[in-house]
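Visitor: Got a structure for you, written out below as structure tokens; questions coming shortly.
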Amino acid sequence: MPSRHQARYNAFGMTLHWLIALLLIGNIGLAWYFNTLNGLPKITPVQLHKSIGLTVLLLSLIRLGWRVVSPPPPLPAAVDAWARIAAGAVHVLFYVVMIGLPLTGWALSSASVIIRFKPIMLFGLVQWPAIALLAHLPGPEMKQAHEAFVTAHGLIAKLAYALIALHVAAAPRHLFLLRDGVMGRMVPFLGTQAG
Ligand code: HEM
């Protein structure tokens with residue numbers, strides 16, 4: 001039987017999980033907010049949105065690297081085969097969201113003439129480069145690319161809503177119905193023992 005230590009993610013894994021979750025959900029909220037604005041008042045929240053999104057990209061790449069070095073602890077034996085497959089699929093798709101959303105955001109921002117006089121500034125401090133290939137496209141091609149990446153960004157955001165709903169819905173099931181200790185793998189103050 002695995003020890004309590006082996007049965008859960010380590011402190012680094014838990015910190016990255018909760019930090020990325022907070023930033024991802026916060027950035028969705030920020031996008032919903034700036035979608036209600038027009039003109040000058042929209043600039044600051046959009047800039048913050050880009051900075052948070054690019055931070056999610058960097059943290060997700062670190063998390064992916066960490067996952068290779070330190071594979072996740074095995075699920076408790078009591079977890080059904082279908083639930084293992086569903087959890088695995090949701091986790092893979094979360095990486096598509098965590099990496100695909102920032103990349104398409106970066107691409108749609110690069111494929112815009114605005115980037116020439118208003119570059120992406122990480123939290124107003126450091127300039128983040130535009131994707132040169134997109135930033136130098138001729139007018140009509142740039143417009144087409146911009147629209148395609150806006151559509152892709154919106155579609156991946158919808159995937160994110162579905163995954164967050166599924167992932168969050170699984171929590172009370174494990175915690176109150178199955179009581180299988182799965183939640184304790186990622187929540188610092190919960191135990192991992194079933195019962
Ligand atoms: C965690 C990462 C991110 C999340 C969760 C996220 C989420 C969203 C959402 C939900 C929208 C509204 C989509 C719609 O109304 O259909 C949006 C729009 C937008 N995002 Fe992101 N995004 C992320 C990363 C980024 C990054 C890294 C950039 C740029 C560097 C970016 C730039 C934009 C822009 C410019 C818009 C407005 C697009 C438009 O409608 O013209 N996003 N984002």
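What follows draws every value from the coordinates through simple rules; no lab data is involved. All of these numbers come straight from a predicted model, not from anything done at the bench. Neighbour counts are summed over all protein chains in view; Cβ atoms, including those assigned to glycine, are modelled from backbone coordinates with ideal geometry.
Visitor: Which condition does Ala107 not pass, out of (1) within 12 Å of the ligand (Cβ to nearest atom); (2) within 22 Å of Phe189 (Cβ to Cβ); (3) touching a residue at least 24 places away in the same chain (Cβ under 8 Å), if it passes all the others?
Guide: Here Ala107 clears every test but (2).
Visitor: Name the residues in the range 22-64 that are within 11 Å of Pro102 (Cα to Cα) and among the polar types (S, T, N, Q), would you?
Guide: Answer for the range 22-64, where residues must be within 11 Å of Pro102 (Cα to Cα) and among the polar types (S, T, N, Q): Asn27, Ser51, Thr55, Ser60.
Visitor: Using the structure shown, decide if Pro129 is more than 17 Å from the chain's Cα centre (by Cα), within 15 Å of the ligand (Cβ to nearest atom) and not charged (D, E, K, R).
Guide: Criteria met by Pro129.
Visitor: Testing Ala11 on (1) among the hydrophobic types (A, V, I, L, M, F, W, C); (2) under 20 Å from the mean Cα position of the chain (by Cα); (3) surrounded by 12 or more Cβ atoms within 10 Å (Cβ to Cβ), one condition comes back false. Which one is that?
Guide: All conditions are met except number (3).
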